[in-house]
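Report on the following structure.
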Amino acid sequence: MLKFLVTVLAALCVVPATPAVARNLTVEGVVSPAWVERGGKREPLTVGMQLSDKDKLVTGARARVMLRMSEGSTVKMGENATLGLDNLTEKKNAENNPVVGASLDVLKGAFRFTTGVFGKSRAERDVNVKVSTITAGIRGTDVWGRSNDEQDVICLLEGRVSVRHDKQEFVMNEPLQFFIAPRNAPPKPVGKVSQKQIDEWSQETEITEGQGATRAGGRMRVELLRTADSNAARQLESKLKAAGFPVVVETISSSYGASEYSATIGAVASAKDRDALLARVKNVLSGAPESAPASPGGKPPTKY
C-alpha cells in the first residue's frame with residue numbers, strides 16, 4: 001500500500017512559464033480531472049499543452065478547462081463535458097490579415113466562447129461551434145451553450161451568431177437571446193433570458209480561486225510524494241494520471257549519490273487552489289467520490 005505523503009513547497013517554487021502564443025489553441029487553465037484523447041491514447045490535460053485537429057477533450061466531476069486561441073479568444077468547458085477539435089487553422093485573408101479558424105464540437109456539457117479576453121487582435125475569426133444538433137457560426141462574440149440528454153442550448157451574451165438547426169437557419173444579434181432544441185420535441189422559438197440566469201449558467205464554465213486550478217503562469221508546485229522507492233513513485237504517478245491529474249515524477253540525486261523520486265503537480269495558481277487540489281488527490285487515492293456540486297447549474301427557463 002502506498003504511503004501517501006504531502007509536502008507543500010511553501011517557497012513557491014517557480015514553474016517555467018508557458019509561452020503566451022501557441023500555434024493555434026493552447027491549454028490555459030485546468031481544474032482536474034481532465035484528459036485529452038489523441039491517437040487512441042488518453043492523457044491528463046496539462047497547462048501549456050498545444051492542441052491539434054482530432055483531439056477530444058474530456059472533463060470529469062467538478063472539472064473546468066480554459067483554452068486560449070492564438071488571437072486572444074478563450075474556449076471554456078464545464079464538468080462532465082466532451083469537446084472535439086478540428087480545422088484548427090491560421091491563415092491570411094485577401095488583405096493579408098490573419099484569420100484564426102476552428103471547428104468546436106460540443107458533444108456533452110457546458111461551454112463558453114469569448115473573444116478578446118487576452119487583448120484585442122487584428123486577426124479575424126472563422127469559428128464554428130456545434131452543440132450536438134445546433135451549429136453556430138462565430139465571427140466575434142460571446143456565446144454560452146450546453147448539451148445534455150434532454151436538450152441543446154445556445155445563448156448569445158454579446159455580438160452576433162448565425163444559427164442552424166435541422167432545416168432552420170437564423171441570426172441572433174441581441175444580447176441574452178437564446179435558442180433551445182429539445183431532444184424529443186420541436187425547437188422552441190428564440191427568446192430572452194434574464195441576467196440572473198446568465199450569471200448562474202456562467203458559473204458552470206468559470207475557473208475561480210479555490211477550485212484546485214493549475215494555470216499558465218502558476219508559480220506554486222505541490223509535492224505529493226518523495227521516496228527512495230521508484231516503483232512507489234511510478235505507481236502513484238500512474239494512478240493519478242489515469243484519474244486525470246498531471247503528475248510528474250522527477251529524480252533527485254543527493255551529494256552522497258543516492259536518488260529520491262519526487263511526484264509533483266506544478267503551475268498551481270494559489271494557496272487556496274493548492275489546498276483544494278490536495279483534497280481532490282486524497283479523494284482519488286482513498287476512493288472517495290467527489291461530493292460537492294460544481295455550480296448552481298441553473299436550468300434553461302421553460303417560459304420567456
- Message: Apply the Karplus curve 6.51 cos²θ - 1.76 cosθ + 1.60, θ = phi - 60°, to the phi angles in segment 29-41 and return the couplings in whole Hz, x for Gly and Pro.
- Response: x, 9, 10, 6, x, 7, 9, 10, 10, 8, x, x, 10
- Message: For a 25 Å ceiling on Cα separation, which of these pairs sit above it: Lys92/Lys192; Lys54/Lys272; Lys54/Lys91?
- Response: Lys92/Lys192; Lys54/Lys272
- Task: Return the FRET efficiency for the residue pair Phe170, Gln50: r is the Cβ-Cβ distance, R0 is 35 Å, and the value is rounded to the nearest 0.05.
- Result: 0.50
- Item | Of Lys130/Lys188; Lys56/Lys196; Lys108/Lys239, pairs whose Cα-Cα distance is over 21 Å | Lys56/Lys196; Lys108/Lys239
- Semi-axes of the equivalent ellipsoid of segment 20-203: what are they in whole Å, largest first, if each equals the square root of 5 times a C-alpha gyration tensor eigenvalue? 24, 21, 15
- Added length on full extension, which subtracts the Cα-Cα distance from 0.36 nm per residue, Glu206 to Arg38: 58.0 nm
- Where does each of 217-225, 191-199 land if you order them by average Cβ count within 10 Å, highest first? 217-225, 191-199
- Query: Rg and Dmax of segment 187-284, using alpha carbons, in Å: what are they?
  - Reply: 19.5, 73
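We did not get these values from a lab; they are worked out from the coordinates using the rules stated. All of these numbers come straight from a predicted model, not from anything done at the bench. Neighbour counts run over all protein chains shown; Cβ positions are idealised from the backbone, glycine included.
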